[in-house]
Structure formats: C-alpha cells, structure tokens
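Trainee: Before anything else, here's the structure in question.
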Amino acid sequence: MAVKLRLQRFGAKKRPYYRIVAADSRSPRDGRFIEIVGTYHPLDEENTIKIDEEKALKWLNNGAQPTDTVRSLLSRMGIMKKFSKKRSK
C-alpha cells in the first residue's frame, strides 16, 4: 500500500479548510484515510497551519510521500528540514 500525505478538503463553498492526512494513494481525495496529521486554514489572516510534528515525521520515516502542497506546508513548519537531517545520518 502506497501511503501519501495529502490535503482533504472540508468547509463550505468558497470557504475551504483542509486536513492533512495520511491516506492510501488509491483512495479518493475526500475518502478514507489512515490518520489525521494536521490542519490548514488558507483563508485565515495567518494562514493557520497546525501539524503534529511527531506524526508527520513518523509517516515520512515510514516512506509516505507528501504531495507538493503538503511538502511546502511541512517546509514552512520546518519539518522537512528535520526529516532530511535525520535521513542524512
């Protein structure tokens, strides 16, 4: 089973917010997921990003592939930097 870290859309029309989830790559965007890793609210003034660093690193270490958007969110939070440091050791 190929696992991806990706966004799952919630919210009303024109007012999205997203969950960052670990999901099977073959499941639909808003379908089943394995675990919630965080949330992202793009319309807030601060672009609120909340990510459980421990869960994100666990999934990355287990081989989960983040989508481009999730990769940039993880980079903003500094998680990708920590992941690459652990990997290079």
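None of the figures in this text is laboratory data; all of them are computed from the coordinates on show. Keep in mind that what you see is a predicted model, and the values were worked out from it rather than measured. We place every Cβ from the backbone using ideal geometry, glycine too, and count neighbours over all the protein chains shown.
Trainee: Could you give me the ³J(HN,Hα) list for region 64-72, computed from phi with Karplus coefficients 6.51, -1.76, 1.60 and θ = phi - 60°, whole Hz, x at Gly and Pro?
Mentor: Whole-Hz 3J(HN,Hα) from phi for region 64-72: 5, 9, x, 5, 4, 5, 5, 4, 5.
Trainee: Measure up LYS14/LYS86; LYS13/LYS81; LYS14/LYS81; LYS14/LYS55; LYS14/LYS50 against 27 Å on the Cα-Cα distance and list the ones that go over. Please report the intermediate quantities before stating the final value.
Mentor: Numbers: LYS14/LYS86 39 Å; LYS13/LYS81 34 Å; LYS14/LYS81 33 Å; LYS14/LYS55 29 Å; LYS14/LYS50 21 Å.
Beyond 27 Å between Cα atoms: LYS14/LYS86; LYS13/LYS81; LYS14/LYS81; LYS14/LYS55.
Trainee: Out of [x] 19, 18, 11; [y] 22, 17, 9; [z] 24, 16, 10, which label holds the value of semi-axes √(5λ) of the Cα gyration tensor in Å that was computed here?
Mentor: Structure-derived value, by its label: [y].
Trainee: Residue by residue through region 42-49, which ³J(HN,Hα) values in whole Hz follow from phi under the Karplus form 6.51 cos²θ - 1.76 cosθ + 1.60 (θ = phi - 60°), with glycine and proline marked x?
Mentor: Once rounded to whole Hz, the list reads x, 8, 5, 4, 8, 6, 4, 10.
Trainee: How about the chain: which GluC sites (Glu not before Pro) there lie in a loop by DSSP and see at most 15 other Cβ atoms within 10 Å?
Mentor: Numbers: sites: GLU35, GLU45, GLU46, GLU53, GLU54; in loops: GLU45, GLU46.
Taking the chain and a limit of 15 other Cβ atoms within 10 Å, the loop GluC sites (Glu not before Pro) found are GLU45, GLU46.
Trainee: For GLU35, what residues show an amide H to amide H distance below 5 Å, using hydrogens built from the backbone and excluding near sequence neighbours?
Mentor: HN-HN under 5 Å from GLU35: ALA22.
Trainee: Defining a contact as two alpha carbons under 8 Å apart and six or more residues distant in sequence, what relative contact order in percent does the chain show?
Mentor: On the way: 139 pairs, mean separation 22.5, N = 89.
Relative contact order for the chain comes out at 25 percent.
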